[in-house]
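Please read the structure below before turning to the comments.
Read the figures in this text as sums done on the coordinates, not as results from a lab. None of these values were measured; they are calculated from a predicted model. Positions of Cβ are backbone-derived with ideal geometry, glycine not excepted, and every protein chain shown enters the neighbour counts.
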Amino acid sequence: MKKRHVQKMLTMALTAAVICSSVPVSAETVSENETAVTVDTAAEQETAEKPELEADQAETKDTKVEDGKEGYLSYCIYQKPDETKYVEITRCDYNAKGAVEIPTKIKDIKVTSIGNEVFFGCSELTSIEIPSSVTSIGNFAFSGCSGLTGIEIPSSVTSIRDQAFSSCRGLTGIEIPSSVTKIGEAAFSGCSGLTSINVEAGNEVYDSRDNCNAIIKKATNTLIQGCKNTKIPSSVTSIGYYAFYDCSGLTGIEIPSSVTSIGDLAFWFCSGLKDVYYTGTQEQWNAISFGSGGDALNVFGAYDEDLRQNISIPFTLHCNYSQPKPDVPAAGTSLKEKTGREFKVTESDGSESKPSVTLTKLSAKEKKAKKVTIPKTVTINNVKYQVTGIAAKTFKNSKKLQTVVIPDTVTEIGTGSFEGCKKLKSVTIGKNVTSIGKNAFKNCKNLKKITVKSTKLKKVGKGALTGINRKCVIKVPKKQLKSYKRLFKGKGQKKSVKIKK
């Protein structure tokens with residue numbers, strides 16, 4: 001594959017970071033726990049090229065069968081050793097404008113891959129629709145698509161490669177599906193407009209624990225992508241390479257004392273950064289491993305193209321930082337999350353120990369979703385709440401809903417919560433539900449599977465199962481089979497509905 005030059009800014013940043021690793025830091029003590037940190041150095045840019053990137057098909061022994069073009073898009077058809085075929089999108093015309101829809105099939109063959117650099121630098125694209133057949137998004141695939149304001153990654157995607165969406169400055173939100181098992185280096189670096197980041201519940205490799213607005217790799221507790229609204233959880237031990245790169249809207253960040261390493265360029269071009277709040281001591285801060293060379297200059301800095309030199313990002317370091325405990329609203333207070341979800345406080349007790357809320361309204365995105373996983377916890381105004389209930393009629397008449405997962409924190413499913421969800425097929429009820437309200441699943445005519453994990457269920461309301469599918473199977477814990485058969489008896493379901501262990 002022909003080599004292409006990397007975006008100027010990334011090249012200069014990488015070069016500058018390496019050069020500046022031997023330059024001292026100028027620091028002035030402000031008070032016992034506050035230090036003004038200044039990066040002050042100069043370096044010349046070196047010319048560099050993007051290294052040759054491995055193509056997906058090169059990793060296998062797939063054979064190229066045919067090249068072609070459809071609209072703005074060029075493609076290749078490949079054949080696997082087992083003779084099955086797939087299509088990879090290989091290029092988009094550079095002058096493409098507006099909306100582009102990637103087809104699900106070309107010549108009746110599924111499109112499964114978006115190759116390396118396909119939409120590289122297509123800055124006039126405003127939207128791209130990725131079909132549910134795609135499993136892989138290549139290196140630099142959408143890099144520099146600054147006109148994109150949103151992108152929906154389908155639940156079929158398992159791999160997002162290096163810098164796939166780098167410098168997509170118009171993106172405001174990222175939703176990583178539970179299917180994704182590989183996110184390459186700097187996949188979303190330079191997306192300076194990001195305000196919201198979320199990994200779907202159930203992802204085995206990544207998460208957004210504690211509603212942190214970041215992507216965290218579970219195995220290493222490494223934060224690999226943040227944004228200006230990120231709250232770094234105390235379980236994070238490492239901040240990865242490029243994690244906050246070019247996050248110009250970031251003015252302050254709290255770094256927990258659990259963090260022992262911060263990767264190269266993690267906070268480069270964070271021009272608005274004024275305050276770093278560190279919960280550990282000055283000695284602990286000094287012991288952090290900064291970048292590949294162990295120098296903070298590899299982590300905090302910027303490169304000025306006009307001056308052709310590195311410039312400082314001055315910030316004040318606040319050690320021994322302890323955030324004051326926020327006030328918890330009284331029971332009955334209505335709350336609204338940034339996503340648009342609404343809740344009502346059910347337990348306050350005037351402390352932050354275990355406040356809880358009931359879900360009362362879905363976000364606009366969830367109202368259109370086929371699958372909804374209710375979160376175990378939500379953080380609103382710096383208070384973390386357990387989600388313990390689903391209010392009456394919360395999901396009522398949701399037209400597209402097919403699958404619902406109710407977490408173990410929920411104890412109560414309200415009256416008519418899912419009434420009239422005609423496309424609902426599967427419901428999983430968590431381990432601590434004690435009550436299902438009347439008409440809870442009324443007229444869910446396609447509901448064929450209800451999995452009850454709870455061993456604490458005491459009440460099922462009248463008509464809770466009226467109108468569910470006659471072939472529905474209700475799966476319950478083995479030890480509760482007899483008692484639950486009595487509990488569910490006469491709740492409106494047809495006699496053909498089975499209750500099994």
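Pairs of Cα atoms nearer than 8 Å and 6+ residues apart set the relative contact order; for the chain it is 7 percent.
Taking all Cα pairs closer than 8 Å and separated by 6 or more residues, the relative contact order of the stretch 307-390 comes to 24 percent. Applying 0.36 nm per residue to the separation of Lys478 and Arg209 and subtracting their alpha-carbon distance, the gain on full extension is 93.6 nm.
At an R0 of 25 angstrom, the distance between the Cβ atoms of Thr377 and Ser132 translates into a FRET efficiency of 0.25. In terms of other Cβ atoms within 10 Å, Thr149, Thr135 run from fewest to most in the order Thr149, Thr135. Distance from the Cα centre of the stretch 129-147 to that of the stretch 401-442, in angstrom? Between the Cα centre of the stretch 129-147 and that of the stretch 401-442, the gap is 35 Å.
This ranking places Lys442, Lys478 by how few other beta-carbon atoms lie within 10 Å of each, fewest first, which gives Lys478, Lys442.
Give me the distance between the Cα centres of the stretch 148-179 and the stretch 186-200, rounded to whole Å. The stretch 148-179 and the stretch 186-200 have Cα centres separated by 8 Å. Residue order for Arg341, Arg308, fewest other beta carbons within 10 angstrom first, comes to Arg308, Arg341.
Taking the 0 to 90 degree range and rounding to the nearest ten, how far is the long axis of helix 8-19 tilted relative to the main principal axis of the chain, both from C-alpha atoms? Between helix and principal axis, roughly 70 degrees.
Under 1.5 on a/c is rounded, so check that first for the stretch 333-441, then, if it is not, pick prolate when a/b is larger than b/c and oblate when it is not; a ≥ b ≥ c are the square roots of the alpha carbon gyration tensor eigenvalues.
prolate
Once the chain from Asp327 to Asn95 is taken as fully extended at 0.36 nm per residue, the excess over their C-alpha distance is 78.2 nm. Here, P(r) means the percent of Cα pairs in each 5 Å bin from 0 to the largest distance; for the stretch 317-384 it is 3, 15, 24, 20, 14, 10, 7, 5, 1, 0. Per-residue ellipticity at 222 nm computed for the chain from its helices equals -1500 deg cm²/dmol, with DSSP H segments shorter than 4 residues left out and the rest contributing -39,500 (n - 2.57).
Work through the residues other than Ser127 whose Cβ is under 10 Å from its Cβ and net out their charges, Lys, Arg +1 and Asp, Glu -1. Neighbourhood net charge equals -3. In the structure displayed, which of Lys393/Lys489; Lys448/Lys495; Lys80/Lys110 lie more than 20 Å apart, Cα to Cα? Exceeds cut-off: Lys393/Lys489. Basic side chains Lys and Arg get +1 at the Cβ, acidic Asp and Glu get -1 at the Cβ, and with that the dipole of the chain about its Cα centre reaches some 6280 debye. One entry in (i) 25.3; (ii) 23.7; (iii) 24.5 is Kirkwood radius over Cα pairs in Å calculated from the shown coordinates; its label is (i). For the stretch 383-501, what does the relative contact order come out to in percent, with C-alpha contacts under 8 Å and a separation of six or more? Across the stretch 383-501, relative contact order equals 20 percent. Peptides 81-88, 264-271, 379-386, 213-220 ordered by packing proxy, namely the average of other Cβ atoms within 10 Å per residue, highest first: 264-271, 213-220, 379-386, 81-88.
Judged by the mean number of other Cβ atoms found within 10 Å, the most tightly packed of the peptides 461-471, 480-490 leads the ranking 461-471, 480-490. As a calculated quantity, the FRET efficiency between Lys453 and Asp306 at R0 = 41 Å, using C-beta atoms, amounts to about 0.10. When the listed pairs Lys105/Lys371; Lys64/Lys423; Lys182/Lys361; Lys231/Lys475; Lys218/Lys396; Lys85/Lys498 are checked against a 30 Å cut-off, the alpha-carbon distance exceeds it for Lys64/Lys423; Lys182/Lys361; Lys231/Lys475; Lys218/Lys396; Lys85/Lys498.
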